[in-house]
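Participant: Here you go, one structure.
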Amino acid sequence: MTVNKVLSSCDAAVADVFDGATVMVGGFGSFAGLPVNLIVALSRQGAKNLTVIANMGGVGFELSQRLKPGGYPDLGLLFENGQVKKFIGSVPALGGMPPTSPLERSHREGKVEIEVVPQGTMAERIRCGAGGLGGFYTRVGVGTVVEKGKEKKVINGKEYILELPLVADFALIKAHKADTMGNLVYRKTARCFNPVMATAARTTIVEVDKLVPVGELDPEVIVTPHVYVHRIVEVAG
Amino acid sequence: MKSRLDEQTITLRATREFADGSVVNLGYGMPGLCANFIPEGRTVFFQSENGMLGYGSLASDAEKDYEMINASDQPVTPMPGLCFFDSAASFDMIRGGHIDVVVLGAYQVSEKGDLANWGRPGRPATGMGGGMDLASGAKKVIVTMLHTTKEGEPRIVKECTYPLTARQCVSIVITDLAVIEVTKEGLVLKEIAPGWTVPEVQNLTEARLIPAKDIKEIAL
């Protein structure tokens with residue numbers, strides 16, 4: 001049996017994202033690894049009350065021009081549209097930028113709740129969610145606001161806090177190449193959170209620069225195995 | 001008005017702390033410049049928490065690839081032996097004690113070496129990024145920062161009033177006025193900017209400074 005995972009447009013790939021869904025969005029923060037075309041499609045699709053899990057909240061198109069000439073669309077679109085009720089990430093807004101990102105404005109207006117998570121803790125929470133684990137103990141955040149309300153445990157004489165898994169209904173992922181089965185490889189630092197998030201969602205949707213026939217990718221270098229990937233769209237690179 | 005060290009000089013001084021062969025992570029902002037100032041004859045492996053080990057200097061305009069960036073969103077150049085990995089693997093490396101040195105910026109450092117570097121009044125939506133993981137996991141934490149705020153308030157304080165990144169994690173603070181080591185006895189003033197005196201630097205520091213016996217002028 002062959003399942004066709006390849007779709008012709010990002011709009012078709014995100015059509016069933018429902019109101020109230022939890023959506024992981026890959027990338028690191030700026031352009032590298034950001035599934036820009038899927039984000040634009042989701043902003044057109046219009047699903048509301050989303051919980052978005054992403055490393056950074058985006059800066060919006062205007063400030064994005066400081067990070068890459070010409071700028072690029074980012075998660076700011078979803079906040080401008082009022083589609084997000086909660087953001088979970090390590091850098092909702094960049095302290096080095098003016099306080100004018102769409103997320104920072106929405107937060108100030110009381111429209112978006114923020115859960116701030118140390119970056120490595122976030123990656124590990126997602127890995128736990130993906131791997132069916134109930135959580136993990138970490139020293140990161142001990143003695144800071146991050147430990148608030150969390151179980152503590154002393155292990156080998158050192159204090160740890162319990163962090164719980166993160167999963168999502170959908171993950172929006174950027175990869176460099178996919179074969180038509182959904183095996184993925186990434187390009188340079190556009191890898192970042194993408195392979196981690198690709199494994200932790202019920203439906204993983206990937207935009208790729210290049211789609212290739214099965215058998216063309218070297219099995220030794222495939223980063224994300226096809227079992228995690230449900231939908232693929234080739235976008236103009 | 002006496003002159004203070006500029007950002008490049010602070011950064012250059014920080015790179016003098018990198019031992020040959022060390023693995024170094026550079027925090028957001030000023031620390032990123034360190035990649036451009038590796039002391040002659042030393043090999044340093046720069047790790048970036050977005051998933052890269054072994055990059056070189058910041059990229060020139062002609063070299064810029066926006067999928068080849070450091071954690072401060074700046075395009076950087078590859079070095080032989082460069083490798084990429086995902087965020088989870090990157091933070092295993094960081095939490096697991098495989099990073100020798102991290103250079104971080106700061107809003108405040110306390111006399112016990114507590115670090116506050118991610119949140120400040122009026123900006124409730126900023127986050128710590130990988131700062132907590134790095135401050136907790138790296139073997140040595142170097143802070144580079146300006147000695148005082150724009151308003152002239154000390155940033156080296158008795159107790160941090162800004163949100164903490166990690167407790168008792170800082171080893172050394174390099175500012176535009178001084179190099180200060182965090183020890184069990186307190187903050188030891190090791191080096192001082194040219195033309196400045198110990199009482200002048202102490203005046204701009206809330207925490208008590210212990211002048212080192214061999215205190216000297218900051219030199220590169």
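Participant: To the nearest Å, what is the center-to-center distance of the stretch B:144-158 and the stretch B:6-79, using C-alpha atoms only?
Facilitator: 25 Å
Participant: Rank B:E111, B:E200, B:E191 by mean-square fluctuation in a GNM of chain B with C-alpha springs under 10 angstrom and give only the top-ranked residue.
Facilitator: B:E200
Participant: Please compute the modelled spin-label separation between A:V227 and A:E62, points set 7 Å along Cα→Cβ, answer in nm with one decimal.
Facilitator: Reported label-point gap for A:E62 and A:V227 is 4.8 nm.
Participant: Can I ask one more? May I ask for the longest run of chain A untouched by GluC sites (Glu not before Pro) that are loop-located per DSSP and have at most 16 neighbouring C-beta atoms (other than their own) within 10 Å?
Facilitator: A:1-108
Participant: If amide hydrogens are placed 1.01 Å from N in the peptide plane, which non-local residues have theirs closer than 5 Å to the one on B:V179?
Facilitator: B:K190, B:E191, B:I192
Participant: While we're here: Given R₀ = 45 Å, what would the calculated FRET efficiency be for B:D20 paired with A:E113, taking r from the Cβ atoms and rounding to 0.05?
Facilitator: That gives a FRET efficiency of 0.40.
Participant: Could you run the Debye sum over the Cα atoms of the stretch A:6-234, one equal point scatterer each and no solvent, and tell me log10 of I(q)/I(0) at q = 0.10, 0.13, 0.14 Å⁻¹, two decimals?
Facilitator: -0.45, -0.75, -0.87
Participant: Let's test the formula: R0 of 41 Å, r as the Cβ-Cβ distance of B:A89 and A:K210. What FRET efficiency results, to the nearest 0.05?
Facilitator: Step by step, r from the Cβ atoms, then E = 0.95.
Participant: Scaled to the compact-protein estimate 2.2 N^0.38 Å, what is the alpha-carbon radius of gyration of the protein assembly as shown, rounded to two decimal places?
Facilitator: Dividing the Cα radius of gyration by 2.2 N^0.38 Å gives 1.00.
Participant: Where Lys and Arg each count +1 and Asp and Glu each count -1, what net charge lies around A:S30 among other residues with Cβ under 11 Å from its Cβ?
Facilitator: Taking every other residue near A:S30 into account, the sum is -1.
Participant: Over the whole of A:121-129, what's the average partner chain Cβ count within 10 Å per residue? Rounded to a whole number, please.
Facilitator: Mean shielding count: 4.
Participant: In a Gaussian network model over chain A where Cα atoms closer than 10 Å are linked, find which of A:G149, A:G26, A:G120 has the largest mean-square fluctuation.
Facilitator: Evaluated over chain A, the most mobile residue of the options is A:G149.
Participant: Also: For A:N49 and B:M79, FRET efficiency with R0 = 51 Å and r from the beta-carbon atoms, rounded to 0.05?
Facilitator: That gives a FRET efficiency of 0.65.
Participant: Straight distance only, please: which lysines reach the Cα of A:K188 with their own Cα at less than 23 Å, same-chain residues fewer than 8 apart left out?
Facilitator: A:K68, A:K174, A:K177, A:K210, B:K64
Participant: Hey, another quick one. Ignore the peptide's own chain and count Cβ atoms of other chains within 10 Å of each Cβ in A:66-74; give me the average, rounded.
Facilitator: Averaged over the peptide's residues, the number is 2.
Participant: Further question on the same structure: Cross-link partners among lysines for A:K150, C-alpha distance below 19 Å, same-chain residues fewer than 8 apart left out?
Facilitator: Cross-link targets: A:K158.
Participant: Where in the stretch B:92-129 is the amide nitrogen less than 19 Å from a point lying 7 Å along the Cα-to-Cβ axis of B:R42?
Facilitator: The answer is B:98-105, whose backbone nitrogens lie closer than 19 Å to the label point.
Participant: Extending each Cα 7 Å along its Cβ direction at A:A236 and B:R123, get the distance between those two points in nm, one decimal.
Facilitator: Taking the two extended label points, one gets 3.7 nm.
Participant: I would also like to ask the following. Relative contact order for the stretch B:7-217: what is it in percent, counting Cα pairs under 8 Å that are at least 6 residues apart?
Facilitator: 17 percent
Participant: Place a +1 charge on the Cβ of each Lys and Arg in the stretch B:7-217 and a -1 charge on the Cβ of each Asp and Glu, then give the dipole magnitude about the Cα centre in debye, rounded to the nearest 20.
Facilitator: Its charge dipole is roughly 580 debye.
Participant: Could I ask something else about it? For labels at B:H98 and A:E159 in the simple 7 Å Cα→Cβ model, what's the distance in nm?
Facilitator: According to this spin-label approximation, the distance is 2.9 nm.
Participant: Among A:T51, A:T138, A:T224, which one moves the most in a GNM of chain A with springs linking Cα atoms closer than 10 Å?
Facilitator: For chain A, modelled as a Gaussian network with Cα springs under 10 Å, the answer is A:T138.
Participant: Another question, then. Could you work out the local net charge near A:P219, counting Lys and Arg as +1, Asp and Glu as -1, over the other residues with Cβ closer than 15 Å to its Cβ?
Facilitator: Every neighbour counted, the sum reads -3.
Each value in this text was obtained by applying a stated rule to the coordinates, not by laboratory testing. Computed from a prediction, not measured in an experiment: that's the story for all the values here. Here the Cβ is made from the backbone with ideal geometry for all residues, glycine too, and neighbour counts use every protein chain on show.
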